[in-house]
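A short worksheet on the structure shown next.
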There are 2 protein chains.
Amino acid sequence: MTLRAEFINPFLEATVSVLRTMARLEPVPGKPYIKKGASATGDISGIVGITGETEGSLCISFSKECILLIIGRMLGEEQKEINEEVKDAVGELTNMISGDSRRRLEEIGHHFLGAIPSVISGQGHEVKHITKGPILSLPFSTQAGNFTVEVCFK
Amino acid sequence: MTLRAEFINPFLEATVSVLRTMARLEPVPGKPYIKKGASATGDISGIVGITGETEGSLCISFSKECILLIIGRMLGEEQKEINEEVKDAVGELTNMISGDSRRRLEEIGHHFLGAIPSVISGQGHEVKHITKGPILSLPFSTQAGNFTVEVCFK
């Protein structure tokens with residue numbers, strides 16, 4: 001399945017909308033690009049599988065600094081380390097961004113289901129999507145560093 | 001959704017069968033157990049989302065020593081580090097174990113779909129499933145150490 005241009009906006013808008021609503025944060029989207037094969041790197045990532053029209057995966061990878069700012073704002077309390085509360089909040093964010101993206105895709109006629117998200121933690125871990133298809137990479141910047149949303153389909 | 005006993009064998013048998021076929025390896029299953037909330041730890045993990053009858057996730061986490069033995073046998077060449085070839089092979093194993101498990105579940109009347117797998121690498125990373133439900137943990141041992149298959153549903 002090719003990653004059509006119409007697929008970019010639902011994921012981009014969902015990410016901005018969820019972070020604005022949940023963390024009163026305005027992430028600045030960089031230029032989306034298509035990559036092949038390479039891995040995303042982060043200190044904490046939320047991953048959720050997608051099925052339906054085709055199979056896919058959505059992954060959001062944050063640096064430690066960036067996620068502590070986001071979850072601190074989301075929970076209304078400064079966060080100093082990646083603890084269980086932060087991991088659970090990353091899972092919740094991943095679920096919301098996945099759900100809001102799928103709702104926006106539904107509006108333009110594409111039906112997808114989301115699996116249960118997993119949260120990966122570990123300094124500088126890598127996430128590699130196992131697909132022969134292209135991977136859509138959406139970079140965002142915040143005042144506390146960058147994060148990346150990656151979407152791939154079969 | 002409760003994790004019924006009938007759900008244990010399809011995942012257990014699929015894991016043994018795939019490793020036997022692909023790597024001529026007989027992993028020794030330990031006692032399956034149900035846990036709540038805790039994370040799996042590994043040096044490399046394959047994760048795949050599940051949808052259908054309910055949503056879920058399947059995760060296989062290996063120590064470095066264990067995966068180098070398995071992939072070395074699978075590729076017929078000694079593996080010395082977790083490189084791109086090893087990561088891709090872990091993705092392939094994850095896909096096969098997920099597929100074979102779902103085929104076995106289908107035989108007892110349970111229909112599930114699998115998403116695209118992701119492979120996580122990074123020494124001692126943690127994988128946390130974001131679900132309020134129980135997590136089925138299937139420990140296996142090999143002559144090169146242990147690995148764990150975890151399955152959760154919503």
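What pairs come out if I take residues in the range B:47-64 that are in contact (Cβ under 8 Å) with a residue 24 or more places away in the chain and more than 11 Å from chain A (Cβ to nearest Cβ) and pair them with residues that are β-branched (Val, Ile, Thr) and assigned to a strand (DSSP E or B) whose C-beta lies under 6 Å away, six or more apart or interchain?
B:60/B:149; B:62/B:44
For the structure I just gave you, tell me whether residue B:124 is open to solvent by 20 Å² or more (accessible area, probe 1.4 Å), within 7 Å of another protein chain (Cβ to nearest Cβ), in contact with a Gly (Cβ under 7 Å, 6 or more places away or on another chain) and in contact (Cβ under 8 Å) with a residue 40 or more places away in the chain.
Against the criterion (open to solvent by 20 Å² or more (accessible area, probe 1.4 Å), within 7 Å of another protein chain (Cβ to nearest Cβ), in contact with a Gly (Cβ under 7 Å, 6 or more places away or on another chain) and in contact (Cβ under 8 Å) with a residue 40 or more places away in the chain), residue B:124 qualifies.
Kindly provide the set of residues from the range B:127-147 that are farther than 23 Å from residue B:52 by Cβ and either among the aliphatic types (A, V, I, L, M) or facing chain A (nearest Cβ under 7 Å) (or both), ordered by number. Give the derivation first.
Of the range B:127-147, the ones farther than 23 Å from residue B:52 by Cβ are B:139-147.
Answer for the range B:127-147, where residues must be farther than 23 Å from residue B:52 by Cβ and either among the aliphatic types (A, V, I, L, M) or facing chain A (nearest Cβ under 7 Å) (or both): just B:144.
Got at least one residue in the range A:86-93 being facing chain B (nearest Cβ under 9 Å), more than 19 Å from residue A:145 (Cβ to Cβ) and out of contact with any His (no Cβ under 9 Å at 6 or more places or on another chain)? Please lay out each step first, then the result.
From the range A:86-93, those facing chain B (nearest Cβ under 9 Å) are A:87-88, A:90-92; that's our starting set.
Add one more test, that the residue is more than 19 Å from residue A:145 (Cβ to Cβ), and what stays is A:88, A:91-92.
Add one more test, that the residue is out of contact with any His (no Cβ under 9 Å at 6 or more places or on another chain), and what stays is A:88, A:92.
Within the range A:86-93, one or more residues are facing chain B (nearest Cβ under 9 Å), more than 19 Å from residue A:145 (Cβ to Cβ) and out of contact with any His (no Cβ under 9 Å at 6 or more places or on another chain).
The values are calculated or read from the model by the stated rules, or taken from the named source; none is laboratory data. Just so it is clear, the model here is predicted, and its values are computed rather than measured. Note that we place each Cβ from the backbone using ideal geometry, even for glycine, and neighbour counts take in every protein chain shown. Note: areas computed on protein heavy atoms with side chains; ligands, DNA, RNA excluded. Shrake-Rupley method; radii C 1.70, N 1.55, O 1.52, S 1.80 Å.
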